[in-house]
Amino acid sequence: MMFKDLGLIIISSLILIICVLIGVAFLTLMERKVLGYIQIRKGPNKVGFMGILQPFSDAVKLFSKEQSYPLMSNFALYYFSPIMNLLLALILWMCMPFFTVLVSFNFSFLFFLSVSSLGVYTIMLAGWSSNSNYSMLGSMRSIAQTISYEVSLILLLVSFLYLILSLNIIDLNKYQEYTWFLFLMFPLCLMWVVSSLAETNRTPFDFAEGESELVSGFNVEYSSGGFAFIFLAEYANILLMSMICSMLFLGAELMTLGFFLKMVFMAFFWIWSRGTLPRYRYDKLMYLAWKSYLPVSLNFILFYFSLSLMIFTLFS
């Protein structure tokens with residue numbers, strides 16, 4: 001019986017990963033279309049009907065290009081980093097709750113925080129192993145940004161966890177049956193979305209890949225397959241954060257079409273912000289994390305802790 005369960009978990013995980021990769025492909029198409037319309041032009045519209053096959057032609061082009069590598073690079077780590085980056089982004093999806101269980105375990109939030117923290121190491125190794133000053137600078141900026149916002153992200157999450165008194169993502173569904181956490185914790189939700197933008201290195205916080213100033217940051221030496229892996233990991237993380245956002249404060253009704261529509265809207269928001277907002281200044285980004293979000297999230301933790309304590313004593 002145990003082997004059958006294990007086999008079922010492996011098959012379900014593979015299906016999930018394939019679906020995520022296809023979702024990422026169409027997310028890139030949606031981004032190019034939306035950015036096109038924001039800039040008053042057409043997006044990709046030649047390959048297939050209305051450009052629907054464009055992501056697949058891009059994938060074929062990227063993976064069939066000649067693989068080049070810098071002569072002075074640390075060869076093993078240089079190749080290993082993008083693969084590990086994508087692997088971590090896909091492993092992170094294992095914390096997504098399913099009513100068919102899958103690996104819907106009791107510490108899924110802890111798993112999410114632990115695995116997302118490991119992503120920093122792959123960026124660091126990608127920048128260092130390229131043996132280029134530009135890559136190293138890009139990776140250092142990216143690491144400083146990611147670590148700074150991880151602190152506020154964890155503290156914001158603690159406030160949500162105090163309200164549900166659980167580390168399981170699926171428990172968010174029970175507590176949002178009558179009202180969404182968006183209405184109960186509006187400032188926290190806005191801070192969470194901004195921190196998520198910074199965590200996924202997206203505009204207006206895309207300092208890891210500030211093309212105009214850093215020659216594309218830590219991935220400057222990567223081409224063809226290596227670049228594609230880094231690209232896929234970034235977009236898989238965007239989809240994951242969209243899923244976490246719709247679970248955290250948009251109702252978390254897993255078995256409805258509305259859940260997936262909310263997830264698509266959050267992904268659209270990521271793209272919308274890219275097409276609308278200019279890049280933030282780097283020192284202001286750091287001040288925002290340490291001088292604004294950190295003290296505010298600590299105060300909110302005390303507030304929601306006392307609130308959950310009060311509710312607990314009233315109803316126990």
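Look through S246, S292, S297, S306 and report the one residue that is over 19 Å from the mean Cα position of the chain (by Cα), surrounded by 20 or more Cβ atoms within 10 Å (Cβ to Cβ) and modelled with pLDDT of 90 or more.
S297
Among the residues of segment 177-203, count how many are part of a loop (DSSP other than H, G, I, E, B) and either more than 26 Å from A236 (Cα to Cα) or in contact with a strand residue (DSSP E or B) (Cβ under 7 Å, 6 or more places away or on another chain) (or both).
Within segment 177-203, residues that are part of a loop (DSSP other than H, G, I, E, B) and either more than 26 Å from A236 (Cα to Cα) or in contact with a strand residue (DSSP E or B) (Cβ under 7 Å, 6 or more places away or on another chain) (or both) number 4.
Here are some residues: L197, L188. Which one is at pLDDT 80 or above and either under 18 Å from L161 (Cβ atoms) or not hydrophobic (A, V, I, L, M, F, W, C) (or both)?
Unique residue meeting the criteria: L188.
Quick check on segment 232-264: of everything there that is aromatic (F, W, Y) and in contact (Cβ under 8 Å) with a residue 40 or more places away in the chain, which residue is farthest from F218 (Cα to Cα)?
Top of the filtered list is F249.
Condition check ((1) surrounded by fewer than 23 Cβ atoms within 10 Å (Cβ to Cβ); (2) among the hydroxyl-bearing types (S, T, Y)) across all residues:
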position	(1), (2)
S148	yes, yes
L167	yes, no
L172	no, no
F183	yes, no
P187	yes, no
L190	yes, no
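Right, P44: buried (at least 18 other Cβ atoms within 10 Å of the Cβ), without any contact (Cβ under 8 Å) to a residue 60 or more places away in the chain and farther than 26 Å from M255 by Cα or not?
So P44 passes the test.
Filter segment 166-184 down to the residues that are farther than 18 Å from M263 by Cβ, of a type outside the set (V, I, T) and at pLDDT below 90 and list them by number.
S166, L167, N168, D171, K174, Y175, E177, Y178, L184
Find all pairs meeting these conditions: Cβ atoms under 6 angstrom apart; at least six residues apart or on different chains; first residue within segment 1-20 and closer than 17 Å to L232 by Cβ; second residue of a type outside the set (V, I, T) and surrounded by fewer than 10 Cβ atoms within 10 Å (Cβ to Cβ).
That search, which allows pairs on different chains as well, returns nothing.
For Y235, all conditions in the list (1) within 26 Å of E31 (Cα to Cα); (2) in a helix (DSSP H, G or I); (3) touching a Phe, Trp or Tyr at 6+ places or on another chain (Cβ under 6 Å) hold save one; what is the number of the exception?
Condition not satisfied by Y235: (3).
Scan segment 116-143 and report the pairs whose first residue is more than 16 Å from G226 (Cβ to Cβ) and whose second residue is modelled with pLDDT of 85 or more and part of a loop (DSSP other than H, G, I, E, B), with Cβ atoms within less than 6 Å and a gap of 6+ or a chain change.
No pair meets every condition.
Taking the residues in segment 261-283 that are basic (K, R) and out of contact with any Leu (no Cβ under 8 Å at 6 or more places or on another chain) as candidates, determine which candidate is nearest to M243 (Cα to Cα).
Looking at the filtered set, the residue picked out is R279.
Let's see how each residue does on (1) at pLDDT below 85; (2) surrounded by fewer than 18 Cβ atoms within 10 Å (Cβ to Cβ); (3) on the phi > 0 side of the Ramachandran plot; (4) in contact with a Cys (Cβ under 9 Å, 6 or more places away or on another chain):
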{"position": "F3", "(1), (2), (3), (4)": "yes, yes, no, no"}
{"position": "L6", "(1), (2), (3), (4)": "yes, yes, no, no"}
{"position": "V20", "(1), (2), (3), (4)": "no, no, no, no"}
{"position": "S64", "(1), (2), (3), (4)": "no, yes, no, no"}
{"position": "Q67", "(1), (2), (3), (4)": "yes, yes, no, no"}
{"position": "N74", "(1), (2), (3), (4)": "yes, yes, no, no"}
{"position": "L86", "(1), (2), (3), (4)": "no, no, no, no"}
{"position": "I91", "(1), (2), (3), (4)": "no, yes, no, no"}
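Quick check, is S68 part of a loop (DSSP other than H, G, I, E, B) and of a type in the set (S, T, Y)?
Yes; evaluated as a whole, the condition is true for this residue.
Which pairs turn up if I take residues in segment 57-80 that are more than 30 Å from K46 (Cβ to Cβ) and of a type in the set (K, R) and look for partners that are at pLDDT below 85 and surrounded by 11 or more Cβ atoms within 10 Å (Cβ to Cβ) with beta carbon separation below 9 Å, at least 6 apart in sequence or on another chain?
Within 9 Å, no pair qualifies.
Could you tell me how many of the residues in segment 100-130 are of a type outside the set (S, T, Y) and under 18 Å from S142 (Cβ atoms)?
Total satisfying the criteria: 10.
Restricting to segment 90-147, name every residue that is within 14 Å of N168 (Cβ to Cβ), part of a helix (DSSP H, G or I) and under 15 Å from the mean Cα position of the chain (by Cα).
Within segment 90-147, M94, C95, F109, F111, F112, L113 meet the criteria.
Is it the case, given these coordinates, that L277 is surrounded by 14 or more Cβ atoms within 10 Å (Cβ to Cβ), touching a residue at least 60 places away in the same chain (Cβ under 8 Å) and not aromatic (F, W, Y)?
When the stated conditions are applied, L277 does not pass them.
The values are calculated or read from the model by the stated rules, or taken from the named source; none is laboratory data. Everything numeric in this text was worked out from a predicted model, so none of it was measured. Cβ coordinates were reconstructed from backbone atoms using ideal geometry, including for glycine residues, and neighbour counts include every protein chain displayed.
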